[in-house]
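A short write-up of the structure that comes next.
Each value in this text was obtained by applying a stated rule to the coordinates, not by laboratory testing. Just so we're clear, the structure is a prediction, and the values are computed from it rather than from any experiment. Cβ atoms come from the backbone with ideal geometry, glycine included; neighbour counts cover every protein chain shown.
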Amino acid sequence: MELKEEFKRLNSKTGEPFEQGFVDENGRVFYSYVNKIGNDGWYLEEWKKDMAAYDAKKRRKESNDT
């Protein structure tokens, strides 16, 4: 299912929606938008605490997709 661009919160550094793998100033890594809109009108977002957690999630997803 394709998510609508108008409900994706924009990255203040780029002015574009967040992309998978973006690292914020606190070291968190953006994983994805979630297909649910929060009370603020934006899609919910999934962030990982660091790159190791992000990589682990990607490996799990890839192994489940095969």
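Results for (1) within 13 Å of L3 (Cα to Cα); (2) in a loop (DSSP other than H, G, I, E, B); (3) of a type in the set (K, R); (4) over 12 Å from the mean Cα position of the chain (by Cα), shown as yes or no for each residue.
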residue	(1), (2), (3), (4)
G27	no, yes, no, yes
G41	no, yes, no, yes
L44	yes, no, no, no
Y54	no, no, no, no
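Only one of these is surrounded by 15 or more Cβ atoms within 10 Å (Cβ to Cβ) and touching a residue at least 40 places away in the same chain (Cβ under 8 Å): Y54, Y33, Y43. Name it. Steps first, answer last, please.
Values: Y54 fails: touching a residue at least 40 places away in the same chain (Cβ under 8 Å); Y33 fails: touching a residue at least 40 places away in the same chain (Cβ under 8 Å).
Y43 is the lone residue from the list that is surrounded by 15 or more Cβ atoms within 10 Å (Cβ to Cβ) and touching a residue at least 40 places away in the same chain (Cβ under 8 Å).
Going by the conditions given, is S63 assigned to a loop (DSSP other than H, G, I, E, B), among the polar types (S, T, N, Q) and either exposed (fewer than 13 other Cβ atoms within 10 Å of the Cβ) or within 11 Å of the chain's Cα centre (by Cα) (or both)? It would help to see each step written out before you state the result.
Working: assigned to a loop (DSSP other than H, G, I, E, B): no; among the polar types (S, T, N, Q): yes; either exposed (fewer than 13 other Cβ atoms within 10 Å of the Cβ) or within 11 Å of the chain's Cα centre (by Cα) (or both): yes.
For S63, the condition - assigned to a loop (DSSP other than H, G, I, E, B), among the polar types (S, T, N, Q) and either exposed (fewer than 13 other Cβ atoms within 10 Å of the Cβ) or within 11 Å of the chain's Cα centre (by Cα) (or both) - is not met.
Taking only region 1-20 into account, find how many residues are exposed (fewer than 13 other Cβ atoms within 10 Å of the Cβ) and touching a residue at least 24 places away in the same chain (Cβ under 8 Å).
Here is the first cut: in region 1-20, the residues exposed (fewer than 13 other Cβ atoms within 10 Å of the Cβ) are 1-2, 4-6, 10, 12-16, 19-20.
With touching a residue at least 24 places away in the same chain (Cβ under 8 Å) added as a condition, the list becomes 1.
Count: 1.
Return the total of residues in region 15-31 being of a type outside the set (K, R) and within 13 Å of D55 (Cα to Cα).
Total meeting the criteria: 7.
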